[in-house]
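Let me begin by presenting the structure, written as structure tokens, before commenting on it.
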Amino acid sequence: MIFDTHAHYDDARFDEDRDAVIASLKENDVRHFVDVASDLPSIEKVERIVEKYPESYGALGIHPSELDGVSEKDLKEIEEKIRNNKRIVAVGEIGLDYYWEENPPHDVQKKFFRYQLEMARRLKKPVIIHSREAAQDTFEIMKEMRAEEIGGVVHCYSYSKEMAKEYVKMGFYIGIGGVVTFKNSKKLKEIAAEIPLERIVLETDCPYLAPSPHRGERNYSGFLPLVAAEIAELRGVTIDEVCNTTYQNALRLYNV
Ligand code: NI
């Protein structure tokens, strides 16, 4: 059984064939996915997805690159939506993204990150962390906000092995997807081989980041057996063990 802990089936790239794609997931043993919001328009789309597809759960939050025009009132509304919908299982994706030079400014990103961490604490929901080229600031804010009491996953993990171990110590899960199958992902392969399997969850981030040999294509949860196979090979265990353990991890992560 496979649990895709991070998908974006609300994305326009699934508008043509969303029903068919989601119906096909069971052919690849994918039992559940969490559809993750990123910007304001995606909030309602995620709500529609969880209403329509029984195998789905949702996460609501604002991505650090999508903060333009987002007000405190918007965040209060998101908090109420999460409180009133049992199928929304996490706050996300939230975090810091310094890839685009000061856009939005770092202090704005940090303010919203702290706010949404506090929101997750009030809601008693785990967080889905997006962090790109902001390793130190992300870690410092999570320490400062005592994120170990909130829990969650560092999605599409892209930092050092040492930092992965720090997040594991904090009780966080490490989200691993298609990138681990790329030839040049030496660092991530080491992490996938060495951190406890009990702390790894599978994710697509679809439609992005399809695994080899589908790199560059539209991604979907049906490609996750390729990710599981890579992790199994790196660890010297069976694919079944990777799928079943990460499935149980996902249930624990999202309290479902
Ligand atoms: Ni994502």
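The values are calculated or read from the model by the stated rules, or taken from the named source; none is laboratory data. Everything numeric here is computed off the predicted structure, so don't read it as measured data. Positions of Cβ are generated from backbone atoms using ideal geometry, with glycine treated the same way; all protein chains shown enter the neighbour counts. These area figures cover heavy atoms from the full protein model, side chains too; ligands, DNA and RNA do not enter into them. Shrake-Rupley method; radii C 1.70, N 1.55, O 1.52, S 1.80 Å.
The table that follows gives values for the structure above.
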| read-out | value |
| --- | --- |
| Reachable aspartates and glutamates from K161, criterion Cα separation under 12 angstrom, eight or more residues apart if same chain | E190, E194 |
| Sequence-distant residues sharing a close amide H with H6 (under 5 Å, placed H) | V34, T204, D205 |
| Relative packing of 96-105, 58-67, 186-195, which averages over residues the other C-beta atoms within 10 Å, highest first | 58-67, 186-195, 96-105 |
| Solvent-accessible area, 1.4 Å probe, carbon plus sulfur percent, for the chain | 49 |
| Test item: Cα-centred dipole of the stretch 2-254, Lys/Arg +1 and Asp/Glu -1 on Cβ, debye | 740 |
| Difference of contour (0.36 nm per residue) and Cα-Cα distance, N28 to K186 | 54.2 nm |
| Residue of V36, V179, V201 that the Gaussian network model of the chain assigns the largest fluctuation, springs spanning Cα pairs under 10 Å | V179 |
| Links that overshoot a 26 Å alpha carbon limit, given the list K165/K186; K76/K111; K110/K189; K73/K125 | K110/K189 |
| Prolate/oblate/rounded call for the stretch 139-256, Cα gyration tensor, a/c under 1.5 rounded | prolate |
| Residues of the stretch 130-151 with amide N under 19 Å of a point placed 7 Å along Cα→Cβ from R121 | 130, 137-151 |
| Probe 1.4 Å, protein heavy atoms only - accessible area per residue of the chain in square angstrom | 45 |
